[in-house]
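No value in this document is a laboratory result; all are computed from the given coordinates. Every value quoted in this text rests on a predicted model; they were computed, and no experiment measured them. All Cβ positions, even for glycine, are placed from backbone atoms using ideal geometry, and neighbour counts span all protein chains on display.
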Amino acid sequence: MRMLKIVALATIALGITPGAAFAQSKVTMWSRSSSETFMPTLIKTFNASHKTQIELQIVPNTEMVQKYAIAAAGGSAPDLLSLDLVYTTAFAAAGQLEDLTDLAKSLPFFANLSKAHVGAGTYQDRIYGLPMSADASVLLYNKRLFRQAGLDPEKGPTNWAEIESYAGKINALGGDIRGFYFSGACGGCNAFTFMPLIWASGGDILVDGGKRATLDTPQMRSAIDLYRGLVAKGYVPEGARTDSGANFYGGFATDKIGMSPIGAFAIGNLVRNYPHVEFGVTFIPGKDGGKSSFAGGDNFVVTAGRKNMGVVREFLDFIYSVEGQSLLAKLGSLPTRSDVADEALKALDQRYRVATQAMALGRTPTSPVYNDIINSSTGPWKQMLNEVFFGNDVSGSLARAQKTMQSILDSAGK
Amino acid sequence: MPREHAVMPNTSSAADTIRPRRSRQRRKQLTGFLFVVPAVLLVLVFFVIPLCMAFWMSLHNWPLLGKPRFIGLDNYVSLLDDARFWGAMQFTALYTVVVTIAIFAVAFPLALFVDKGRPLTKFYRTSFFLPMVVGFSSASLLWAWLMNVDAGLFSPAAFRLGLTDKPVNLLAEFDTTFWSIVIMVVWKTAGFNMIILLTGLQGISAEVQEAARMDGASNWLRFRRITLPLMRRTIALALILSVAGSILAFDQFYIIADGGPRNSTVTAVYWIFSQSFVSFRLGYGAALSMVLLLILVTISVIQLRLLRTPEGM
């Protein structure tokens, strides 16, 4: 009987001790709903081959930040998190994340991990986030409409003059066919697809480590002129003016749009759901050539206070292995480790290669108030874009947005 | 003294009768109190305590991520300079005035229409009330589709019928967005206001109307001198509900217009939501909420005073 008591007490003690930091055999992880196509299968495969078991919970995109913040305040945050990379600095600045610098630098392939993810995951020279999944913005074009318009279907536009000229020729096909599409009332979509036009032309939106906004630049004005011209000439459908992102991808899927800057996520979606749409993928070009991309996706982060890095290392070794990267690519995410990307993509649609190259040269603007200045539906970026694309006072709109954006940046953390 | 003696027995017997009466009264009060306890608890838990917490929160720099810091009245000072909040308040005031007038302009005639005994009255009442059972979010989604320039109903239909020379994007300009949403809200809530007004109409004694008619009062005179004055309380209730609901408007502007075009339809609650859950400034959002609550209470008190029933009515 006494022996039984000792065994029972020991069991209870064992059950309590590791739980305080990081349960060795079972850890919890949250991921946002946009990763639903790949995360459950990835975790299932990991669990099947490892002693450590991850319990995955999918959280709606729009609720992730609030839900995590509330859980962190109540001490019930998950151990691991797949977090939209643009939020990594905000979470790190708030002290919610574990410092992964030593672990990251000990990975033999660290130098081959997506630079954009690691950059977005770095706060005050310490690494808090590592690449989990990736998506890069690219330009999709409709090969059938290109052929009908007398254009080479194997060659997408390489500068803005070509974008405008090709859009005009496709528009001339008549009916409800239009040359170009973008979501004109969506801040996040246009950060993803409009910013690369500026970057590829040598401009920038945020400088000095994300502390200063630079909206009124020659590159920004030229890019605005490009979109204004496309709108004024009727190459863009009327619905784009008020599209807050609902048709970001659906517009091109109608098979009536010549070109549209979207994310690589659309490749798999079109192949699966709209097999009749014959499309090509190319880089988002600069004004006179060059190329750029917005490197998006999720960072892998660990909740502050979880000290058992052995489990984290085990999971990272798996997702960065050829098996993990191939599985991610097959399920819809771009590879995040460049030295195994070719192998991960070899069995897949070759259009992913352009997106992977775009990822390699992609950039991610970082700021603890990114949501405020760029994604917010009441924010300065969205309002400015809609005004300059469809309104009449470009200079006034740029000045107002610059002022608002800078005041938000200046008040960050105060 | 003898007099005092004379009253002594009486005093004692009065005390004897008062004591059980008091204890009966106390029991009654206790029973009444017990009946009220659940309601009091509900109000405490779901209104008073959260309200106190929101006020406490409003005195802090309370980020969604990170630790709160006490800053006193700084949030209240900041909101005085928040042009976007006052802009949103101005828009909310415009919307409240317009939509309240529009709802009454539709609901009152509907109430008069369905008050009369005529064929199919029940059918009309049900039909007019029906949009009310649809939630605001669902109704907004429905109208967002109806108003879509490419895949919707209104614009493509008007174009195909030759009423417009091209499909009109109703959400592209402030005027068309604003009036479309006002129409949607009237469609959705006029039936509810009609029912409230109908209860007021049916509370007016038929004899009073009949007497006035026999005295030769015209329909208009009876409406102005009998119906309207006797419906003061009902009108007050309907007005307060409509004004309070409009000041707190959010769903329809968020779902249909996303605050657009170009942030021109951002309401006060939308701005509070945006500050709290997009910018993660919970303390500031709480301060904005307290100010909005104060404005709402003031307006309701003024409305109640203006529409108070005169003595004797």
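When the square roots of the Cα gyration tensor eigenvalues are ordered a ≥ b ≥ c, the ratio a/c for the stretch B:71-185 is 1.5 or more and a/b does not exceed b/c, which makes its shape oblate.
Exposure proxy for A:His50, A:His117: other Cβ atoms within 10 Å of each Cβ, ordered fewest to most, give A:His50, A:His117. Over chain B, DSSP H runs of length four or greater, each weighted -39,500 (n - 2.57), average out per residue to a 222 nm ellipticity of -22000 deg cm²/dmol. Taken one residue at a time, the phi angles of the stretch A:360-370 give Karplus couplings (6.51, -1.76, 1.60, θ = phi - 60°) of 5, 9, x, 10, 9, x, 10, 6, x, 10, 4 Hz. Gly and Pro are set to x. What's the whole-number percent of alpha carbon pairs in the protein assembly as shown lying beyond 43 angstrom? The share of Cα pairs beyond 43 Å in the protein assembly as shown comes to 41 percent. Of A:Ile262, B:Ile240, A:Ile170, the sequence from fewest to most neighbouring Cβ atoms within 10 angstrom is B:Ile240, A:Ile170, A:Ile262.
DSSP beta bridges fully contained in the protein assembly as shown are about 70 percent antiparallel.
Residues whose amide H falls under 5 Å from that of B:Leu307, counting only those 5 or more places apart or on a different chain, are absent, with hydrogens built in the peptide plane.
Remark: B:Thr100, A:Thr45 ranked as A:Thr45, B:Thr100, counting other beta-carbon atoms within 10 Å and listing the fewest first.
Taking the C-alpha atoms only, the angle from helix A:64-73 to the longest principal axis of chain A is near 30 degrees. Could you work out the Rg to Rh ratio of the stretch A:90-197, with Rh taken as the Kirkwood radius (inverse of the mean 1/r over all Cα pairs)? Checking Rg against Rh, the ratio lands at 1.18.
Against chain A, whose longest principal axis is taken from its Cα atoms, helix A:39-49 shows a tilt of about 40°. Report, in whole Å, the centroid distance computed from the Cα atoms of the stretch A:340-414 and the stretch A:210-250. Cα centres, the stretch A:340-414 to the stretch A:210-250: 12 Å.
Calculation over all alpha carbon pairs of chain A in 10 angstrom steps from 0 returns a P(r) of 5, 21, 30, 23, 13, 4, 2, 1, 0, 0 percent. Per-residue ellipticity at 222 nm, computed for chain A from helices alone with -39500 (n - 2.57) per DSSP H run of at least four residues, works out to -12500 deg cm²/dmol. Please give the Cα centre distance for the stretch A:130-180 versus the stretch B:212-263, rounded to the nearest Å. Going from one Cα centre to the other spans 53 Å. Database remark: amide H of A:Gly179 closer than 5 angstrom to the amide H of A:Asn171, A:Gly258 (H placed geometrically; neighbours at sequence offset of 5 or more, or on other chains; Pro and chain starts carry no H). Between the amide H of A:Ile127 and those of A:Leu100, A:Thr101, distances stay under 5 Å, these residues lying 5 or more places away or on another chain, with hydrogens modeled in the peptide plane. By the combined test of axial Cα extent (at least 30 Å) and Kyte-Doolittle hydropathy (mean at least 0.5), the qualifying DSSP H helices of chain B come to B:83-115, B:174-202, B:282-306.
For chain B, the relative contact order is 27 percent, taking Cα pairs closer than 8 Å that sit 6 or more residues apart in sequence and dividing their mean separation by the residue count. Rounded to the nearest 10 degrees, the angle from helix A:322-331 to the longest Cα principal axis of chain A is 50 degrees.
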